[in-house]
Amino acid sequence: MRFDILTLFPGMFAGPFDESIIRRGVDKQLIDITIHNIRDWATDRHQTTDDAPYGGGAGMVMKVEPLAACIESVKASYPASTVVMTSPQGRRLTHQVASELAKRDGLIIVCGRYEGIDERLRTLCIEDDLSIGDFVLSGGEIAAMTVVDAVTRLIPGVLGSDESAENDSFGDGLLEYPQYTRPVEFRGLTVPDILLSGNHELIRKWRRRESLRKTRLLRPDLLAGRTLTSEDLKLLAELDREDAVTKG
Ligand code: SAH
């Protein structure tokens with residue numbers, strides 16, 4: 001999968017893209033990332049990429065011409081890629097959206113800055129609009145990194161088979177069960193016995209139950225719209241009985 005990122009701050013991507021999972025995806029040639037400096041597409045002598053807003057008011061607005069030229073050039077080379085804008089006004093990035101994006105041939109991700117981008121870019125070039133949450137960042141770069149990271153780990157082959165994304169939170173619509181590693185005891189807190197039992201079926205059941213417990217406690221909204229298996233219903237009933245005993 002290709003990622004083309006359009007930014008005024010190409011230097012920001014160096015660290016996050018040079019390490020760990022994203023680095024591995026690049027090394028295995030499962031993803032290909034190219035950073036484009038929007039400034040290279042400005043045509044005037046001062047390489048202007050922003051200007052004052054029409055109608056007045058604070059801040060600057062990113063100009064449409066350099067962005068349109070850059071997008072059109074990348075799109076001409078990779079017509080199958082989808083042009084995505086990062087924006088707090090976009091549709092919210094979720095696990096489901098990331099899984100859907102992971103099936104695309106490529107993403108051309110536009111990073112805004114300042115007060116945002118001239119609205120005409122949206123009309124002319126933008127096919128999808130993504131927000132990483134209901135807050136305002138200073139620029140689209142960290143949002144673009146978030147999109148690349150969340151999507152890359154869902155591309156088959158990027159994660160090793162021993163670190164599959166299926167068990168991760170949201171992988172099957174629930175939060176992940178609690179995880180432990182050595183030592184068995186730390187400051188009086190011990191690892192649940194079942195995890196040391198070596199009984200895979202009991203461990204699977206325990207994990208499913210704890211996954212349901214966490215989801216019900218922390219994110220009941222995830223359970224609300226779900227059809228539960230008979231095993232899940234049984235495990236939830238067990239949790240109810242446990243709660244009744246602790247409360248009683
Ligand atoms: N004035 C704009 C915000 C501009 S913030 C508004 O109120 O809608 C500058 C840039 O940061 C945006 O163009 C976008 O690329 C990026 N950005 C800010 N918050 C974001 C978010 N929650 N998700 C994705 N991108 C965001």
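The values are calculated or read from the model by the stated rules, or taken from the named source; none is laboratory data. Here the structure is a predicted model, which is why all the values come from computation and not from measurement. No Cβ is skipped: glycine too gets one built from the backbone with ideal geometry, and neighbour counts run over all protein chains shown.
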Query raised in the report: What number of residues within the stretch 55-89 satisfy the criterion of being on the phi > 0 side of the Ramachandran plot and near the ligand (Cβ under 10 Å from one of its atoms)?
Result: 1
Report summary line: Subset of the stretch 126-143, residues of a type in the set (G, A, S), near the ligand (Cβ under 6 Å from one of its atoms) and assigned to a loop (DSSP other than H, G, I, E, B), comes to G133, G140
Query raised in the report: Which one of the conditions (1) touching a helix residue (DSSP H, G or I) at 6+ places or on another chain (Cβ under 8 Å); (2) within 21 Å of L130 (Cα to Cα) does P88 fail to meet, given that it meets all the rest?
Result: (1)
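Results for (1) within 18 Å of L107 (Cβ to Cβ); (2) in contact with a helix residue (DSSP H, G or I) (Cβ under 7 Å, 6 or more places away or on another chain); (3) not basic (K, R), shown as yes or no for each residue.
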| position | (1), (2), (3) |
| --- | --- |
| I5 | yes, yes, yes |
| G11 | no, no, yes |
| D18 | no, no, yes |
| L30 | yes, no, yes |
| T34 | yes, no, yes |
| A52 | no, no, yes |
Query raised in the report: Going through the stretch 80-125 one residue at a time, which ones are under 24 Å from D32 (Cα atoms), of a type in the set (S, T, N, Q) and not in a strand (DSSP E or B)?
Result: S81, T94, Q96, S99
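Just to check your reading of the model, which residue among V158, V148 is surrounded by 10 or more Cβ atoms within 10 Å (Cβ to Cβ), touching a helix residue (DSSP H, G or I) at 6+ places or on another chain (Cβ under 7 Å), assigned by TED's automatic domain parsing to the domain that holds L130 and hydrophobic (A, V, I, L, M, F, W, C)?
Details: V158 fails: assigned by TED's automatic domain parsing to the domain that holds L130.
It is V148.
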Requested in this report: Please state which one of D221, D168, D172, D243 is exposed (fewer than 11 other Cβ atoms within 10 Å of the Cβ) and either on the phi > 0 side of the Ramachandran plot or not β-branched (V, I, T) (or both).
Outcome: D221
**Report entry** Neighbours by Cβ (under 6 Å, 6+ apart or cross-chain): first from the stretch 108-125, more than 11 Å from the ligand (Cβ to nearest atom); second of a type in the set (S, T, Y)
**Finding:** I108/S81
